[in-house]
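All remarks here apply to the structure that follows.
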Amino acid sequence: MKKQVLFFILCLLANNALAQNDNRAPRKSTKRKDHRIRPNMCPRLYGTLSTGLNNNTGPIGVGVDISIEKKLAVDLGGGISTWGNKFYLGGKYFTDLCHRGWAFGTGITYNSGIKGFSKNMNTVNGNEPVQFNLYDQPNVLFTAYRYHSNGKR
């Protein structure tokens, strides 16, 4: 019984210590958050540069996004890929206005291929030049993008 009374008293003291009122004035925020300035009209045309493998327009390419509506865009482009010249045509749906936030898209790419491609490769007889044809290849793609603003404007 003594342990239960002692435990009850300690709980009351702990509760009293944690429930003290803070009589100080609330702190004023000194940092002012600058909001991004968004234009009233969204741009109708966006230019893109492509680098890296497995991109829509290849490792070296350029593209254009054309806004049809505030949340829909058609994009097209072309470039040089590892399988010849690459061309792209697709569409995107944006979750936010003016090409911001997440976007989901689909499209078609077409690689022109390379006839008579030659490369030194390891074979049974050692390292020797091998010639082969890279045939043209279409591709269907489904994508997810994340767009954000750079800077304050």
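The values are calculated or read from the model by the stated rules, or taken from the named source; none is laboratory data. Keep in mind the model is a prediction, meaning the values are calculated, not measured. FYI the Cβ positions are ideal-geometry reconstructions off the backbone, even for glycines, and counts take in every protein chain you see.
What the table shows:
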item: Hits in segment 60-108 (condition: outside any strand (DSSP E or B) and touching a Leu at 6+ places or on another chain (Cβ under 6 Å)); result: Lys70, Trp83
item: One residue from Ala103, Ala144 being touching a strand residue (DSSP E or B) at 6+ places or on another chain (Cβ under 8 Å), exposed (fewer than 14 other Cβ atoms within 10 Å of the Cβ), of a type in the set (Gly, Ala, Ser) and at pLDDT 90 or above; result: Ala144
item: Enumeration of residues in segment 109-141 that are loosely packed, with under 10 Cβ neighbours inside 10 Å and outside any strand (DSSP E or B); result: Val124, Asn125
